[in-house]
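A short worksheet on the structure shown next.
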Amino acid sequence: MDVVIGLTGKDYVMCVADMSSNRSIFTLKRDEEKIAMVDEHKFLAAGGDQASRSTFVDYVSKNFALGALRTGLELSTHA
């Protein structure tokens, strides 16, 4: 089971994720990175199996970079 928890406060964001990669009852890795930097102001925490997680994080990161190259502006996270 993957655990990814995010907390937001007035002036901060805290994100934690476990670092184990499990399949059924076996632990495959204990040093798996599940939080990735998208750019210098954004990060992405993802759970799931390793192949899908890394592919999705790469896809999102590359789309942020492509959007910045096309428009000359970085995407904001302001909702």
- Query: Which of the residues that make up segment 21-48 are touching an Asp or Glu at 6+ places or on another chain (Cβ under 9 Å) and at pLDDT below 80?
  - Reply: S21, N22, R23, E32
- open to solvent by 70 Å² or more (accessible area, probe 1.4 Å), farther than 15 Å from V3 by Cβ, not small (G, A, S) and not in a helix (DSSP H, G or I) - does that describe any residue in segment 47-60? no
- Could you check V38 against (1) touching a residue at least 24 places away in the same chain (Cβ under 8 Å); (2) open to solvent by 60 Å² or more (accessible area, probe 1.4 Å) and say which number it fails? (2)
- Might you let me know whether segment 16-39 holds any residue that is part of a strand (DSSP E or B) and of a type in the set (S, T, Y)? yes
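The values are calculated or read from the model by the stated rules, or taken from the named source; none is laboratory data. Being a predicted model, the structure only gives us computed values, none of them experimental. Ideal geometry is used to build each Cβ from the backbone, glycine not excepted, and the neighbour counts take in all protein chains shown. SASA here: full protein model, heavy atoms, side chains in, ligands and nucleic acids out. Shrake-Rupley method; radii C 1.70, N 1.55, O 1.52, S 1.80 Å.
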